[in-house]
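Here the structure is laid out as structure tokens; the discussion comes afterwards.
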């Protein structure tokens, strides 16, 4: 606050208007983005930091050692963060709930390597002709804004295809570009069909569509093409420049840095998209689609555009994710619900509709899972599986009692809490539950000494999904705006209150 | 009958026509391709599957119709019903009949209790935020699956033996089948009729149907709609659990069965139309038949079950293209 | 219980403020309804008349102010509890249940078993058509018949106050006559609080009025006085 004021005040003193404007934009750039810059620098230096902390090398000869391990983990986390950002674009900013996002994620790896493995010559000429035909058709028939955007996108792809010399067989970059095109085409097709559907039908359709491809890819019928449940091995099809496995020559480090660059580009691209006129319409659609339509916007077009954009980001993330796979295989799991649920979780926990929320959640949760992976703890359980985790059952029963007897307990609770407000009430109930459960457990512990209890060692990684689910439920119930969202609102309300106080001070004589 | 046909909208009339034509097509295709007996067996299997799917789908449809919540945990309810029923059956020390009945009763009650807690404790507070409600059921489904896996392990459970009364064999289309299959069909049919009677002949049924249309108005008439919501949610979860435990003597219990039936139920509800009871009933049979015929086709011609699994989804896509709000939905 | 004089008004709305989302719709509405009368809320489109009714029945609870019914405060209670105290609500655009039959629409309004049987004479006396259409699905009724059903439905249970929102909307003149006659007849046993945009209808039906302008109640009194006061009519109601 103070810093900003002093900086802007000193800039205002500059005489030359052009210089002043330049200084102002520079200042604004730095002041608004210093945090992001710091994060990027930290990410860049991350391998070195880990190396210093753990006493390992940043580029050892063989891919062992803390630093190299964490390079790949961080890279994977960054890619998942990009996936989460793309999901947030759909869900948080456009209000589209897709349960089939994994389709685009997995498609990246699969299409790229299926083409590379099965296609034995470069279809570059055919691709160029096809693309030119499509561009021509669109240029003739499409509406002005469609034309502009499509020609831009297609022009970009053409450039890529042209720059790479016509090789005798398909190169990785061509395959990846085609995967992106394919993904865009898929979003286009599915969007045209599904965006006519009312909200809930749309969501279920996307679920079914993704499920269908997952089943197709996993089935044995197409084993020759997709490798079925074992996945598609692509070992030596990966160009050396992008191969993170040799670590001695710094390939992994280089790939890591490339991933950071990708991450930053995706972040900036999404931010640019959201701040553009198109982006504002998207948010308007999320708030009230009916109204946006009556104002005159073709909401269908904008939603389709966002779907394609998000799909492309997901596909590119998918390709990158596969590059980092340790067993050099593309697994059908990439198309499964896991990679739809994870970005959904990250978006919700981080903060729907915030730019950094999903990133924070994705990085935090992925890295956290890796870090805690080998931790274990022991629990006493009995023979009858879940039923005999009697402590659990007792706590559950007590919780039920408290829930159902809420009305009867209410006067007592309110007398206890007074004017406390919602959080104190929740706290009171929680306290009551804990107290009653503890009592019941203590008493119960005396009564059931003859249950066959044995110690079971539980791995954190086993329980991770459960833990994630519980965190998710808690966040949905208590922090509807996610972690970052609640944080933002907290600071905003503070600022607003400070301004209100200032205003009142000014008003009072 | 006359009044029912007369009261149909043109859209619904067309849907009935499509359904009849499609089913006739499936029957004819089976007869011509597989021969009379195999076709008969396939149709029987299809109806059986349809009844099971109906149990899960009717809950999904009712819950969505009244609460506007897409309960993704329906599949998990089926799963829990199956595993808990299995557990009870194995743990009791009594005659088969008693164990069987206890398994059914216990499974249904257990899941109904979970449903009650879930609705009152987690879904109701989120009434203002429907998106979160859907996402919540999704998350809970994943949690439930995880819990069941933790408690019972990954290995599939072998089918239990039904009581000897239900294990008699009979011959249908030259195939020896257990009477238990008829039991499942009977159960499904009983539920179909039972829920229909509930919706159309009881006061609570009137309230539910009114609530599907306008819950606010029902509230303004002096009826505590929220209690009805909980009731419907409990009913939906109980039906799914019934489907789950009914399956165990037929096919055993696996961890995937929850999701498998959830997808089928979702397809049924989308095809039939959200919130439409007749739609769900009709679509269940259609989906069951389609799946059975597709499986038989793949078996005979392609030596792989892939076609079967995608056939359902293709059917859904086809229906949505023709009728974006489902065959018998309220096309608004 | 100490002797308290009978309340002058069956319903008192005292300075309520109601929000819809973040929009401050009612900024201080006061309405007093004497028992056994027909009172009408007048005002231009969007003034807040419907919101006032919704606040009374509990569908849009007020954030400030009080609502007292038969000396019992009802603001803040859940809608079904308020209805159970004897308030019937007939929303605008006749929200009858289209998938239910006429009979089912009436049955659902029962608060005690047998309510419909007891009121059958009254209801079918006022609206004989409904008897004929008893088994027809609500969606197949004409606009006028739906309006009759909506009002009839509010008569099934023992309601001492009826809230009726724009009953004449979209009805042909002859039907409006019929509907007005019905309301007049039932006001003999029930108090009616009406929202009516059509001043002709309002002036012929109501004994008292309250004018609401931009969320604030600005004027009230006897209808007989209002019809004489052309200036007042033009100021607050636009065209008479």
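The values are calculated or read from the model by the stated rules, or taken from the named source; none is laboratory data. None of these values were measured; they are calculated from a predicted model. Neighbour counts are summed over all protein chains in view; Cβ atoms, including those assigned to glycine, are modelled from backbone coordinates with ideal geometry.
In table form, for the structure just shown:
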read-out	value
Single condition residue A:11 does not satisfy, out of (1) surrounded by 14 or more Cβ atoms within 10 Å (Cβ to Cβ); (2) within 24 Å of residue A:265 (Cα to Cα); (3) more than 30 Å from the chain's Cα centre (by Cα)	(2)
Single unsatisfied condition, residue A:90 versus (1) at positive phi; (2) in contact (Cβ under 8 Å) with a residue 24 or more places away in the chain	(1)
So residue B:107, is it under 21 Å from the mean Cα position of the chain (by Cα) and surrounded by fewer than 20 Cβ atoms within 10 Å (Cβ to Cβ)	no
Failed item, numbered, when residue B:312 is tested on (1) crowded, with 23+ Cβ neighbours inside 10 Å; (2) within 13 Å of another protein chain (Cβ to nearest Cβ); (3) closer than 24 Å to residue B:180 by Cβ	(3)
Scope region C:207-225; condition over 26 Å from residue C:62 (Cα atoms) and touching a residue at least 24 places away in the same chain (Cβ under 8 Å); matching residues	C:207, C:223
Condition check for residue A:228: at positive phi, surrounded by fewer than 19 Cβ atoms within 10 Å (Cβ to Cβ) and either out of contact with any strand residue (DSSP E or B) (no Cβ under 9 Å at 6 or more places or on another chain) or at pLDDT below 75 (or both)	yes
Residues of region C:85-98 that turn out to be modelled with pLDDT under 85 and facing another protein chain (nearest Cβ under 10 Å), as a count	1
Residue in region A:75-84 that is farthest from residue A:274 (Cα to Cα), counting only those that are surrounded by 22 or more Cβ atoms within 10 Å (Cβ to Cβ) and over 8 Å from the mean Cα position of the chain (by Cα)	A:75
Yes/no for residue A:341 being within 14 Å of chain B (Cβ to nearest Cβ), outside any helix (DSSP H, G or I) and touching a helix residue (DSSP H, G or I) at 6+ places or on another chain (Cβ under 9 Å)	no
Selected residue [at pLDDT 85 or above and either facing another protein chain (nearest Cβ under 10 Å) or touching a strand residue (DSSP E or B) at 6+ places or on another chain (Cβ under 6 Å) (or both)] from B:116, B:107, B:103	B:116
Residue list for region B:257-294, filter: free of Cβ contacts under 8 Å to residues at least 60 places away in the same chain and away from chain A (no Cβ under 13 Å)	B:278
Sole exception among (1) farther than 24 Å from residue C:21 by Cβ; (2) surrounded by 23 or more Cβ atoms within 10 Å (Cβ to Cβ); (3) away from every other protein chain (no Cβ under 14 Å) for residue C:69, by number	(3)
Within region B:202-223, tally of residues that are more than 7 Å from chain C (Cβ to nearest Cβ), within 23 Å of residue B:282 (Cβ to Cβ) and modelled with pLDDT under 90	2
Filter result for residue B:186 (loosely packed, with under 14 Cβ neighbours inside 10 Å and touching a helix residue (DSSP H, G or I) at 6+ places or on another chain (Cβ under 9 Å))	yes
Options B:131, B:123, B:80: the member that is closer than 25 Å to residue A:399 by Cβ, more than 18 Å from the chain's Cα centre (by Cα) and within 11 Å of another protein chain (Cβ to nearest Cβ)	B:123
Residue match in region A:162-181 (condition: at pLDDT below 75, over 29 Å from the mean Cα position of the chain (by Cα) and within 11 Å of another protein chain (Cβ to nearest Cβ))	no
Some residue of region C:122-141 being closer than 28 Å to residue C:70 by Cβ, without any contact (Cβ under 8 Å) to a residue 60 or more places away in the chain and touching a helix residue (DSSP H, G or I) at 6+ places or on another chain (Cβ under 7 Å)	yes
In region B:90-100, the residues that are away from every other protein chain (no Cβ under 13 Å) and part of a helix (DSSP H, G or I)	B:96, B:97, B:98, B:99, B:100
One residue from C:74, C:87, C:95, C:67 being free of Cβ contacts under 8 Å to residues at least 40 places away in the same chain and under 19 Å from the mean Cα position of the chain (by Cα)	C:74
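Rundown of residues vs (1) within 13 Å of chain B (Cβ to nearest Cβ); (2) surrounded by 24 or more Cβ atoms within 10 Å (Cβ to Cβ); (3) in contact with a helix residue (DSSP H, G or I) (Cβ under 9 Å, 6 or more places away or on another chain); (4) at pLDDT 90 or above, yes/no style:
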{"site": "A:86", "(1), (2), (3), (4)": "no, yes, yes, yes"}
{"site": "A:97", "(1), (2), (3), (4)": "yes, no, yes, no"}
{"site": "A:109", "(1), (2), (3), (4)": "no, yes, yes, no"}
{"site": "A:120", "(1), (2), (3), (4)": "no, no, no, no"}
